[in-house]
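The values are calculated or read from the model by the stated rules, or taken from the named source; none is laboratory data. Note that this is a predicted model, so its numbers are computed, not measured. Virtual Cβ from ideal backbone geometry, glycine too; neighbours counted across all protein chains shown. Please note that ligands, DNA and RNA were not included when accessible areas were found on the heavy atoms of the full protein model with its side chains. Shrake-Rupley method; radii C 1.70, N 1.55, O 1.52, S 1.80 Å.
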Amino acid sequence: MTNKYDVLGIGNAIVDVLTHVDDDFLNNQKLDKGGMMLVSAAEAAKVYESLGQCIECSGGSAANTIAGLASMGSETSFIGKVNEDQLGRVFQHDIRALGANFDTAVLNDGPPTAHCLVLVTPDAERTMCTYLGACVELTENDIDHATVANSNITYLEGYLWDPDEAKNAFRKAIKIAHEEGNKVALSLSDSFCVDRHHQEFVELVKNDVDILFANEDEIKKLYETGDVNDAARQLQEDCDIGAITCGAKGCIVTNIDEIGHVQGRKVGHLVDTTGAGDLFAAGFLHALSNGLSIGECGALGNLVASEVVTHMGARPDIDLKKFIAEFG
């Protein structure tokens, strides 16, 4: 394809606030370990006040994937809503500094830029409390027809299905992409997200998605089965390409011709699993954009994910192009 962008990401533009906590903290705050909970500004502030030292860095699921792709040299763009405030300026700077195009109109008033409290326990599992803020102001008007039309793949995050206006933007982007003969990719994002929108997600995957990303829990919830291999067979029927991440075990990849298991990469020092799925998708889509097989796509996804879990935060802190040239 000769489109301007390899991948366009559309998702929640969020600044992450990361810190270490123990399991007792999660229990005391009545938080579901490993999940993503939507919270009000007041609830986010209450949890924040109980935290120790924190690290702030840009996040957002689809934005993390776009950041990873840009770091590997893919041509990328991102659509997401921020306010003209300090966190909004941080987000804009970070994603553009990596080489991604980002020109969604910012809010000059209304809710502040979204932020996510990422609580990392000693086992490196992350639990997230997300205040969506300006994200809920994303509308159909923010979906630029020319940008979607000029993107080989439009990548959407399941979290975007929570706000109603964003859901309409989601559907508009899908329609444009398919009318232009381009592909639509979706990340299911979170098992609780699948719970919230189960039937809609089932129909979306069957009818509108060409490439699906999910972890084991998410795909089993989607297809209401306890067997990930059974879920993979159903995914093979529904989507042209599928990828199921399985943690340290690697991933399962599917297309119309095959279902393959790709071994994971050993991680020397696991620090924080935040963004592992996002960066897996980045590696996979980068390989796919370069014409590699689904097995090679899964292997590159595993490689990139194995790097991001060795430090705090969901964005690459090294040049991924150099990293994959050395270890790929």
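A few comments on the model shown:
- Solvent-accessible area assigned to carbon and sulfur over region 54-210 amounts to 44 percent, based on a 1.4 Å probe.
- Each label was represented as a point 7 Å from its Cα along the Cα-to-Cβ direction; for K4 and D217 these points are 3.9 nm apart.
- Mean-position separation - Cα centroids, region 260-312 and region 187-219, in angstrom: 20 Å
- Debye intensity ratio in log₁₀ form over the Cα atoms of region 1-129, taken at each q of 0.13, 0.19, 0.20 Å⁻¹: -0.58, -1.04, -1.11
- Set of lysines with alpha-carbon distance to K220 below 20 Å, sequence-local pairs under 8 removed: K33, K206, K249
- Heavy atoms of the protein chains alone define the surface here; on that basis the chain has 41 Å² accessible area per residue at 1.4 Å probe size.
- The H on the amide N of Y155, modeled in the peptide plane, is under 5 Å from the matching H of L8, G9, I10, A185, each at least 5 residues off or on a different chain.
- Taking only the C-alpha atoms of region 276-328, Rg followed by Dmax gives 10.3, 31 Å.
- All distinct Cα pairs of region 214-296 go into the 1/r average, and the inverse of that average, the Kirkwood radius, is 13.3 Å.
- Other residues whose C-beta falls under 10 angstrom from the C-beta of C193 contribute a net charge of -3, scoring Lys and Arg +1 and Asp and Glu -1.
- Region 171-252: translational diffusion in µm²/s, Stokes-Einstein, Kirkwood Rh over Cα pairs, 20 °C, 1.002 mPa s: 167 µm²/s
- With only Cα atoms counted, the chain has Rg and Dmax values of 18.1, 53 Å.
- Calculated P(r) of region 1-71 - Cα pairs past 16 Å, %: 62 percent
- Contact order, relative form, for region 41-137: 27 percent (alpha carbon pairs under 8 Å, 6 or more residues apart, mean separation divided by residue count).
- Cα shape, region 101-159, gyration tensor, a/c 1.5 rule: oblate
- In Hz, Karplus ³J(HN,Hα) per residue of region 148-162 (6.51, -1.76, 1.60; θ = phi - 60°; x = Gly, Pro): 5, 5, 9, 10, 4, 10, 9, 9, 10, 9, x, 4, 5, 6, 5
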